[in-house]
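Nothing in this text is a laboratory measurement; each read-out follows from the coordinates by a stated rule. Being a predicted model, the structure only gives us computed values, none of them experimental. Here Cβ is always computed from backbone atoms with ideal geometry, including for glycine, and neighbour counts include all displayed protein chains.
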Amino acid sequence: MNKKLKLIIAFSLIVFFVIGNAYAGPVPPAFELHDEGTELIVDYEKYGEFKDVGKSGYKYKIKNRKGLTKAVGEGIYPNRKSILKDAEFEKYRKEKKLLGSHWAFVNTQDHQANFYRWATAAESPGVKLFYTAQALENAMHIRHAIKAYYALVVQFPKEVGTTYWGTPWYVGPASLDRILYLTRKYPEMGIKLIGADIRVEKRYDDDRNNDLFIVNPGKLVYCDPKDVVEKRVDLSKLSVVESKEFGELSLVKYENGHWQMRLKGEPFMVKAVAYQPSKIGQSPDIGTLKDWSLADENKNGKIDSPYDAWVDKNKNNIQEGDEPAVGDFQLMKDMGVNVVRVYHHAFVRNKKIFRDLYKNYGIRIIIGDFLGMFAVGSKASWDAGTNYSDPGQQRNMLESVMKMINEYKDEPCVLMWVLGNETNYGIANNADVEPQAYYHFVNEVAKKIKEVDPNHPVVICNGDIHFLDIFAEECPDVDIFGINSYRGKHGFGYYNFWLPIKEIAGRPALVTEYGCPAYGHGYSREYAENFQAEYLVGNWMDVVINSAGEGAGVAIGGALFEFIDEWWKTGAPPGYPDIIQDVVPNVGGPFVDGWYYEEWFGVVSQGDGTDSPFMRHLRKSYFELQKLWKEKE
């Protein structure tokens with residue numbers, strides 16, 4: 001659950017719209033702009049020349065800098081001076097509110113300071129424009145934000161930034177996705193992006209020197225608000241060009257390249273959660289983490305978390321008469337969950353519990369094998385790590401996988417098999433330095449699985465879209481491209497995520513992990529939980545609008561990380577009962593304050609921990625996803 005590339009919301013909003021306003025939304029902007037520019041949609045052809053559109057030599061050359069400066073307005077390239085005439089900017093500067101690194105302003109709650117600092121930052125122009133646009137977006141200057149994002153697309157589409165992990169970040173496609181997101185979220189503006197495309201060939205490794213950009217900036221145009229969002233395709237009118245059958249399950253490809261998963265002949269979207277409950281105080285770091293599927297702390301003959309968990313309705317951390325045990329399985333069913341992700345079969349040994357999960361709650365499992373991630377299954381040492389070219393380690397890993405297959409292949413609860421867990425990031429293995437060897441081995445394992453079990457599809461669990469091209473070449477027998485991805489509250493992105501998967505992998509896609517912590521330093525608990533809910537809804541809706549009939553049309557669902565907080569994630573606990581839920585930031589990420597908090601990812605918490613593993617507090621995100629997942633029932 002570490003090493004994740006991390007960068008739409010689709011709340012139904014009733015918002016008013018007046019042509020000429022600087023924003024569109026339920027609340028006014030956080031501050032007033034000094035110079036909004038003379039054009040709401042800038043006509044770049046009036047001020048310069050486009051060369052080699054749709055080719056690798058694309059370039060926009062400004063010929064009337066003064067006119068373009070007036071058109072774009074404050075903070076948007078090439079307008080560098082308007083902000084210096086902004087009285088509020090001068091006030092902020094004199095009050096020393098703009099001191100320090102511009103990166104420290106990205107997650108500040110002072111949107112005005114964020115805008116001023118980034119608009120004047122000594123940063124590469126594309127990255128500078130992106131974060132200036134994001135500051136404007138956060139401040140509810142939606143039209144100005146769109147202008148800033150589009151200015152980047154026109155003038156700096158080939159710029160490459162750096163992610164939290166030092167890997168390339170393509171700001172051009174990312175800006176296209178933000179424009180798409182904002183125009184969809186606020187269709188009342190009647191603004192639509194047409195004809196745009198930024199393709200980056202050879203982008204899937206860490207070498208930005210071999211990238212080749214094919215750029216068409218398209219155009220922003222006015223349209224009828226009802227035409228902003230593309231109409232959903234009527235799949236019944238399209239021909240099926242490919243169908244893969246797996247017993248009750250099938251994967252169907254339409255003539256437009258869209259994929260749909262069907263279960264018993266009916267469309268099926270995976271609404272999954274990762275589920276790894278643990279009693280506070282237990283930790284794998286000190287060898288005390290127990291198998292939750294066997295745990296019976298209260299000795300009542302029932303497994304604790306699935307059946308004895310209770311909801312603390314008033315969140316006073318005391319079980320009262322109207323708060324009986326309901327169990328996590330019932331809470332999942334009530335939420336609309338239809339699949340549970342099991343990461344590694346050997347860590348959960350009670351097969352009977354999954355039978356009951358399916359029989360009595362209607363919830364299936366996607367079950368996996370780490371396939372050498374963390375050196376699990378290969379029998380390599382942690383320090384040496386799994387070597388995917390080593391025949392002996394290959395045999396060990398294949399033996400582990402086939403044990404899972406033979407044990408579970410006839411279980412009705414199983415939906416599909418998952419191989420690895422963002423293994424390509426190279427944690428205690430060499431998949432990141434020998435990707436061909438790794439992906440080739442994955443395919444060999446997939447072939448072996450199908451010799452024994454033709455009734456369940458095989459999924460790889462990749463770390464984002466890293467090495468997507470090598471996967472496509474080396475893994476023809478893997479049925480579904482699975483991705484752990486943490487990209488932010490806007491979702492994953494059509495141009496920067498779903499479209500490459502469609503065109504390069506050519507297979508259905510399952511988001512095998514997405515999530516957000518419900519904590520942020522300096523933010524109230526309520527604010528952080530609201531942000532988590534917004535983030536998760538945005539991620540899920542991005543999955544939906546890129547499923548069959550919409551967008552890229554390849555998404556078949558997603559697995560939320562995670563159902564309940566795990567208090568051991570940051571490190572070995574000092575010893576119960578002196579344990580607290582750790583709020584030490586782990587690594588940078590696109591969350592409320594810019595950091596991961598590994599112990600806070602649940603949509604359900606364990607309250608203050610005094611009745612672990614039984615007490616549950618349901619967060620806002622639980623109920624927001626419940627609305628979406630159960631809306632058709």
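Highest-first packing order for the peptide set 431-438, 27-34 is 431-438, 27-34, based on the mean count of other beta carbon atoms within 10 Å.
Projected label points at Lys448 and Asp234, each 7 Å from Cα along the beta carbon direction, are separated by 4.9 nanometres. Of the peptides 44-56, 457-469, 330-342, the order by per-residue mean of other Cβ atoms within 10 Å, starting with the highest, comes out as 457-469, 330-342, 44-56. About its Cα centre, the dipole of the range 299-359 is roughly 540 debye, where the only charges are +1 on Lys and Arg Cβ and -1 on Asp and Glu Cβ. Of the residues Ala428, Asn546, His521, the one whose Cα sits farthest towards the positive end of the charge dipole of the chain is Asn546 (charges of +1 on Lys and Arg Cβ, -1 on Asp and Glu Cβ, taken about the Cα centre). Measuring nothing but how far apart in sequence close Cα pairs (under 8 Å, 6+ apart) lie, relative to its length, the range 173-320 scores a relative contact order of 12 percent.
The HN-Hα couplings worked out from phi for the range 552-568 by the Karplus form 6.51 cos²θ - 1.76 cosθ + 1.60 (θ = phi - 60°) are 6, x, 10, 6, 10, x, x, 10, 5, 9, 8, 6, 9, 4, 10, 7, 9 Hz, whole numbers, x standing for Gly and Pro. Counting alpha carbon pairs within less than 8 Å and at least 6 residues apart, what relative contact order, in whole percent, applies to the range 44-227? It rounds to 17 percent for the range 44-227. The Cβ shell under 9 Å around Glu599 holds other residues with a net charge of -3, Lys and Arg each +1, Asp and Glu each -1.
Given the options Met397, Phe591, Pro324, identify the residue whose Cα lies farthest towards the positive end of the charge dipole of the chain (+1 on Cβ of Lys, Arg; -1 on Cβ of Asp, Glu). My answer, from the dipole projection, is Phe591.
Which of the chymotrypsin sites (Phe, Trp or Tyr not before Pro) found in the range 328-428 are loop residues per DSSP with 15 or fewer other Cβ atoms within 10 Å of their Cβ? Here the sparse-neighbourhood loop sites are Trp382.
With θ taken as phi - 60° and the Karplus curve 6.51 cos²θ - 1.76 cosθ + 1.60 applied, the whole-hertz 3J(HN,Hα) list for the range 494-504 is 5, 6, 9, 8, 5, 5, x, 4, 4, 7, 8 Hz, x standing for glycine and proline. Relative to the Cα centre, the charge distribution of the range 328-446, modelled as +1 at Lys and Arg Cβ and -1 at Asp and Glu Cβ, gives a dipole magnitude of about 560 debye. Legend: Rg and Dmax of the range 225-312, from Cα coordinates, 22.4, 60 Å.
3J(HN,Hα) along the range 246-256, derived from phi through the Karplus expression 6.51 cos²θ - 1.76 cosθ + 1.60 where θ = phi - 60°, amounts to 9, x, 6, 9, 9, 10, 10, 10, 9, 4, 8 Hz, with x in place of Gly and Pro. You can think of it this way: the chain between Glu297 and Arg208 has 26.8 nm of extra reach, that is 0.36 nm per residue less the Cα-Cα gap. Overall, the chain carries a charge dipole of about 1720 debye about its Cα centre when +1 sits on the Cβ of Lys and Arg and -1 on the Cβ of Asp and Glu, all other atoms neutral. For the chain, the antiparallel share of DSSP beta bridges with both residues in that region comes to about 50%. Between the residues Phe246, Gln276, Gly190, the greatest Cα displacement towards the positive end of the dipole of the range 156-277, with unit charges on the Cβ of Lys, Arg, Asp and Glu, is found for Gly190. When only Cα pairs below 8 angstrom with a gap of at least 6 residues are kept, the range 270-423 shows a relative contact order of 20 percent. Here the peptides 273-281, 579-587 are ranked by packing, the mean other Cβ count within 10 Å, and the order with the highest first is 273-281, 579-587.
Report, in deg cm²/dmol and to the nearest 500, the calculated mean residue ellipticity at 222 nm for the chain, where each DSSP H run with n ≥ 4 adds -39500 (n - 2.57) and the sum is divided by the residue count.
Computed ellipticity for the chain at 222 nm equals -8000 deg cm²/dmol.
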